[in-house]
Amino acid sequence: MNTKFRGTGVAMITPFHKQGTIDFTALERLIEHLIEGGVNYLVVQGTTAETATLTREEKNALAEFVVDIVNQRVPLVIGIGSYNTQEVINTIRSKSLDGYDAILTVTPYYNKPQQRGLYLHYKSIATVSPLPIIMYNVPTRTSVNMKPEITLQLANEFDNIIGVKEASGNMEQIMDIIRNKPKDFLVISGDDLLTLPLLGMGADGVISVIANAYPKLFSEMVSLGLKGEMKKARENHYKLTDFTKSVFADGNPSGIKAALEIMGIISNNIRLPLVKLEKSHYNQLAALMAELESAKL
């Protein structure tokens, strides 16, 4: 089971029409772009999907649509998270999870729980979940960092907690988890720029934003890194470094949505409170992408 999520996962964006409704035609184009690019699995309704702005009805429609279009060609992970533990449990119990292979669930945000609270949050979810769980630690968004000892305690105590998406940016912390984790527990990068260094330390892959735009190039880098072919992997890493920095310079998913519009895959529409890139930044991103295109990537 765990090997399904080794390699490159993609935190998919949600395309919108100008009037704000979900653009399912563009979503299908994106899915085909990603699968043709060789990604290993797709993540639906993560942070990059602007999930916080979706209604329950939109979430259900989007989740079902992705299952139908993917048609078992790659594994699927669905994001279900909240700062209310009981809400996560209720959603898991009531939501159709048919076609999904795992749940990605973020540490509670806003209410800043203690470490014991984080442990009990994930314990409660693991007890009721019919699918494997990938925890998601992203302190820059949640204002709380799940310490390695809590991650490792959960990894050792619950067989259905199969991994953690680590976006703390703390290399020492992530090394502690990799060094002491159970054999089959996955450590997944949540930071595109740190993915290759983390692979060198023994991480299992990435849930990527950048791979929305360049799935083939990014997936090749991850595959090479997992095989220990670091010289070749570094070539791909450095080809994408400036683009990656530019994409995240003005927030996510504003940058990656602009990039996907430049590629002709979606229209660059974003729901408030997020806004589009400033024109100067958009032009800078377009110039970087033109350079990548001229290099025939």
Do you know which of the residues in region 166-176 that are of a type outside the set (S, T, N, Q) and more than 18 Å from the chain's Cα centre (by Cα) is surrounded by the fewest Cβ atoms within 10 Å (Cβ to Cβ)?
-> E172
Candidates S219, S189, filtered to the one that is surrounded by 18 or more Cβ atoms within 10 Å (Cβ to Cβ), closer than 30 Å to N268 by Cα, touching an Asp or Glu at 6+ places or on another chain (Cβ under 9 Å) and among the small types (G, A, S) | S189
Hey, can you tell me all the residues within region 124-154 that are charged (D, E, K, R) and closer than 25 Å to T3 by Cβ?
-> none
Matching entry among Q72, Q86 (being outside any helix (DSSP H, G or I), exposed (fewer than 13 other Cβ atoms within 10 Å of the Cβ) and either at pLDDT 95 or above or in contact with a helix residue (DSSP H, G or I) (Cβ under 7 Å, 6 or more places away or on another chain) (or both)) | Q72
Give the number of residues within region 126-165 that are buried (at least 17 other Cβ atoms within 10 Å of the Cβ) and under 12 Å from V106 (Cβ atoms).
-> 11
Can you name every residue in region 195-210 that is buried (at least 19 other Cβ atoms within 10 Å of the Cβ), under 19 Å from V164 (Cβ atoms) and in contact with a helix residue (DSSP H, G or I) (Cβ under 8 Å, 6 or more places away or on another chain)?
-> T195, L196, L198, L199, A203, D204, G205, V206, S208, V209
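Given the residues T14, T25, T8, which is the only one that is in a helix (DSSP H, G or I) and of a type in the set (V, I, T)? Show your work before the answer.
Numbers: T14 fails: in a helix (DSSP H, G or I); T8 fails: in a helix (DSSP H, G or I).
Every option except T25 fails the conditions.
The values are calculated or read from the model by the stated rules, or taken from the named source; none is laboratory data. Just so you know, these numbers come straight off a predicted model, no measurement behind them. Neighbour counts are summed over all protein chains in view; Cβ atoms, including those assigned to glycine, are modelled from backbone coordinates with ideal geometry.
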